[in-house]
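See structure below.
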Amino acid sequence: MPGFAIRTEGLKKNFGAVRALRGVSFDFSEGLLHGLIGSNGAGKTTTMRLLAGLLKPSAGSVRYSLDGRPAEFAQVRPGLAYMPQQASLYPDLSIDEHLQFFRALYRLDAATYARRSKELLGITRLDKFRERRAGQLSGGMYKKLGLMCALLQSPSVLLLDEPTNGVDPISRREFWELLYALAADKILVIVSTAYMDEAERCSRVHLLDAGALLASGEPRAVLKERGAANFEEIFIKGANG
Amino acid sequence: MNPTLKAFIKKELIQTLRDVRMRVLLFGAPILQLTIFGLALSSEIKNVKLAVFSQPGDTAAVRLADDFYSSGWFKPAAFSPGEDPFELIGSGRADAVLLMPPGGLSRAAGRGEGKMQLLVDASNATKARVVEAYAKTITARAAAAYGAPAAQGLSFDVRVLYNPAMESALFLVPGVVGMLICLVTIILTAMSLTRERELGTFETIVSAPLSDGEILLGKTLPFVLLGLVVFSLVLTVAHLAFGVPVRGPLWQLFLAAFVFIITTVSVGTSISTLARNQQQAMLGGFMFLFPAILMSGIMYPVENMPPSIIAAAYLDPLMYFMRLLRSIMLKGGDPHVFWTNVGALALMAVVAAGVAYNRFRQTLN
């Protein structure tokens, strides 16, 4: 896997009068499992869309690098996978049909597809439900299918926008185990979440509040630096301060 | 074919055709609509109650009355010879009264003065006009059949071409075929694209390494194909159920349909770029469809419209398709009519596709 890194500088995004991001600088170069933590409306989805190249910043920049060398978006795009907030699946297509459609989107050859789909169906334990339509899957299985579609192309960067939103605790844990496995494979994973307890599962956290960056760093170091027992406290202090 | 395009087409077809309700809407509804429109929009009027006032022994009048009744359009009204013809119509016991010339039709026609009087209940103007047209047709036929000198005395000069029986189905059904294709392709395309946005799947597709053209073609080609399938289906029903002939070559018909469908799918795509959800897409589709149908000449001749509407009708793709369908199906497909109208449609298809592509790109960006 090539060494991927993304850095942003003074990133701003306005939607009319709404200032979704107010000049944030992220460093997604160190560590492999990054958490973008914040409540609803903090600017997590906007950040994800900017990183995925779906939005253009109002000001500031998003810089990509590959093995330490600066790279254009077009160069990194084939290795970048994005799973939107709603896990973006077709309720009337089965698991198999989803995989085949995404195989075509990412132009995978037959051998790679066969290997990857078998591997992913095994890891996610969805192999017994291949004929089941996405609309009939449980919340956890639905998210896993979304993840599988994103992973089919063996990406180097994985952007997951609130992947565990609305998922039961057991499925959430399973989902995080999958993310650990991905990070162990040297994939740069950036996960956004509104669940504060998930922040501690990340190797790096970036706390977003109302479009501004509250803190960034290794989870325990951030807690220590802020003198807080947990991440909720930091947000409450931030809101009151 | 490009495997990505193939996958898009497969996905769209699965999504559209898997749901039983969608299959019914796509294939069942056009057949039902065609049947209902074909029957309900009929300008053909039958069972007109006709009273023929004639003198005893007037054989020409009796023959003419028989011609009227055997036409299938008229049936005898119940009346007695001494009754007031106006009262007959006023009371609704007759829709029309045919009065023979003084001295009887046989003698008058012999003198070359076969002027009859037709009283028609015009409380329904359309019906009255149709009854008048029927009467003229029957009298003209009768005059031709009797030969001179009777013919000289009957002053009707009616000629009906291409639809001698004046069957409204022949005129209306091709129009309805065009209207249904327009409806299916515009609404389906507009809704499919907005559904993709509503589901959030659009973001996934856009974030995949595909070109804008590939995404647009992938999303629209399936509806061009479905439009052609629906066209074949309604054409078959129009032929089998309504006896609408296809006198011109099939290739003309399908080439016209193909160019027209590209235009309508492009219109659907443009609508989808403006709509935020499926309801808006559907509403937008109908906002285009209603004026397009009214200005197309399906129901009312374009020539009868005010000049400003006629000018607007030239921008209506359905009007050209309508002309093409009627020309190919009923008249055998005159090459000049075909190429002028297909040319106009092709120009519209290029412009509509260009606008759709630009709007689509703006949406992506």
Highest first, please rank the peptides A:156-163, A:130-137 by the mean number of other Cβ atoms sitting within 10 Å of their residues.
A:156-163, A:130-137
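Using a 10 Å cut-off around each Cβ of peptide A:98-104, what is the average number of partner chain Cβ atoms that fall inside?
5
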Percent antiparallel among DSSP beta bridges confined to chain B, nearest 5, equals 35 percent
Using a basic spin-label model with each label point 7 Å from the Cα along Cα→Cβ, how many nm lie between A:Ser138 and A:Glu232?
2.6 nm
With 10 angstrom as the radius, rank A:Tyr82, B:Tyr300 by how many other C-beta atoms surround their C-beta, starting from the fewest.
B:Tyr300, A:Tyr82
Counting each DSSP H run of 4 or more residues in the protein assembly as shown as -39500 (n - 2.57), what helix-only mean residue ellipticity at 222 nm follows after dividing by all residues, to the nearest 500 deg cm²/dmol?
-17500 deg cm²/dmol
Antiparallel bridges, percent of DSSP beta bridges restricted to chain A (to nearest 5)
55 percent
For A:Ala184 and B:Ser91, extending 7 Å from Cα along the Cα-Cβ vector and measuring point to point gives, in nm, a value of 10.0 nm
Averaged over peptide B:193-205, how many Cβ atoms belonging to another chain are found within 10 Å of each residue's Cβ?
5
Say a paramagnetic label sat at a point 7 Å from the Cα of B:Arg129, along Cα to Cβ; which residues of the stretch B:52-79 have their backbone N under 15 Å from it?
none
Give me the number: length gained by fully extending B:Asn358 to B:His336, i.e. 0.36 nm times residue separation minus the C-alpha to C-alpha distance, one decimal in nm.
4.6 nm
For A:Met196, B:Met348, which order do you get if you count the other beta carbons within 10 Å of each Cβ and list the fewest first?
A:Met196, B:Met348
Candidates B:Gln279, B:Gln252, B:Gln33: whichever shows maximal mean-square fluctuation once chain B is modelled as a Gaussian network with Cα springs under 10 Å:
B:Gln279
The pairs in A:Lys13/A:Lys186; A:Lys144/A:Lys186; A:Lys118/A:Lys144 lying past 22 Å Cα-Cα in this model are A:Lys13/A:Lys186
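Considering only the protein assembly as shown, what is the antiparallel percent among its DSSP beta bridges, to the nearest 5?
50 percent
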Check the straight Cα-Cα distances from B:Lys115 and name the lysines below 29 Å, setting aside those fewer than 8 residues away within the same chain.
B:Lys46, B:Lys49, B:Lys75, B:Lys127, B:Lys136
Kirkwood calc, the protein assembly as shown, C-alpha pairs only, radius in angstrom 29.4 Å
Enumerate the helices in chain B for which the Kyte-Doolittle hydropathy averages -0.5 or more and the C-alpha atoms extend at least 27 Å along the helix's axis, using complete DSSP H runs.
B:125-146, B:168-199, B:212-242, B:250-274, B:335-364
Count, for each residue of B:16-28, the Cβ atoms from other chains sitting within 10 Å of its Cβ, then give me the mean as a whole number.
1
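Each value in this text was obtained by applying a stated rule to the coordinates, not by laboratory testing. Here the structure is a predicted model, which means the values were calculated and not measured. Methodologically, a virtual Cβ is constructed for each residue, glycine included, from the backbone with ideal geometry; neighbour enumeration extends over all protein chains shown.
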